[in-house]
1. Taking just the C-alpha trace of region 23-156, give me its Rg and Dmax in Å.
2. Return an integer: the convex hull volume of the alpha-carbon atoms of region 16-67, in Å³ per residue.
3. Between 106, 146, 131, which gets the highest mean-square fluctuation from a Gaussian network model of the chain, Cα cutoff 10 Å?
4. Which whole number in µm²/s is D for region 55-134 by Stokes-Einstein, with the Kirkwood Rh taken over Cα pairs at 25 °C and 0.890 mPa s?
5. Would you mind telling me the antiparallel percentage of the DSSP bridges in the chain, rounded to 5?
6. Rounded, prolate or oblate: which fits region 102-202, taking a ≥ b ≥ c as square roots of the Cα gyration tensor eigenvalues, rounded meaning a/c under 1.5, else prolate when a/b beats b/c?
7. When ranked by the protection proxy of mean other Cβ atoms within 10 Å per residue, highest first, what sequence do the peptides 6-15, 221-230 form?
8. In terms of the Cα gyration tensor, with a ≥ b ≥ c the square roots of its eigenvalues, is region 132-190 rounded because a/c is under 1.5, prolate because a/b exceeds b/c, or oblate?
């Protein structure tokens with residue numbers, strides 16, 4: 001593994017008296033890592049905690065050598081983390097162009113500009129004058145990813161990025177993640193789609209009851225039906 005980028009140590013978080021994350025720990029470098037698990041295991045809670053949308057009750061999160069737990073979301077984003085949340089969270093009345101223009105300032109000379117996003121997702125270029133509410137689910141997800149790319153981040157955190165997407169759009173998403181990693185970015189993917197998770201990342205972290213219970217590889221997870229049954233509830 002190359003130099004460590006993100007380290008999560010004994011992280012605890014929850015909602016009121018309900019503890020969801022139970023001393024969760026893992027680390028990653030500039031690579032793609034998937035976190036998989038059944039519903040209700042705490043995957044989205046982890047994303048919200050990493051981004052400062054939910055305050056942790058214990059543990060530490062360090063990013064590029066700096067502690068970020070306890071910081072507000074906007075300061076965590078400025079550290080170099082871009083979040084692609086579940087549900088896309090687009091503005092229905094804004095066009096594709098307008099969504100990208102909101103984050104285009106300061107992208108000149110950087111890897112990701114609106115033009116680069118349109119090159120990555122040609123379908124978005126065709127729909128650039130359409131509002132968010134006029135886009136298909138796959139197009140909305142492309143826009144959500146493209147919007148995050150304009151932050152030119154060091155780490156992209158994706159929560160269920162393939163949810164509701166057609167297989168061909170999932171393939172486009174897989175290609176985008178692979179391109180990001182090839183260019184030196186880190187991508188942390190929270191997924192339930194086994195094919196997407198194992199195609200986007202070699203390292204697979206299996207989450208059970210708020211903890212990283214098991215680490216495996218994409219090939220082992222894809223081929224081992226017993227592992228899938230045990231941790232993911234997937235029938236043979």
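Just so it is clear, none of the values below were taken in a lab; they were calculated from the coordinates. The model shown is predicted, which means the values in this text are computed figures rather than measured ones. Cβ sites come from the backbone with ideal geometry, for glycine too, and all protein chains shown count toward neighbours.
1. According to the Cα coordinates of region 23-156, Rg and Dmax are 16.1, 47 Å.
2. Details: hull volume 5.0 nm³, N = 52.
Per-residue hull volume (Cα only) is 95 Å³.
3. 106
4. On the way: Rh = 15.0 Å.
The diffusion coefficient I find is 163 µm²/s.
5. Values: 21 of 39 bridges.
Of the beta bridges lying entirely in the chain, close to 55 percent run antiparallel.
6. Working: a/c = 1.92, a/b = 1.13, b/c = 1.70.
Oblate shape, in that a/c is at least 1.5 and b/c is the bigger or equal ratio.
7. Details: 6-15: 17.6, 221-230: 14.3.
Most protected by this proxy first, the peptides run 6-15, 221-230.
8. Values: a/c = 2.02, a/b = 1.52, b/c = 1.32.
Prolate, because a/c is 1.5 or more and a/b exceeds b/c.
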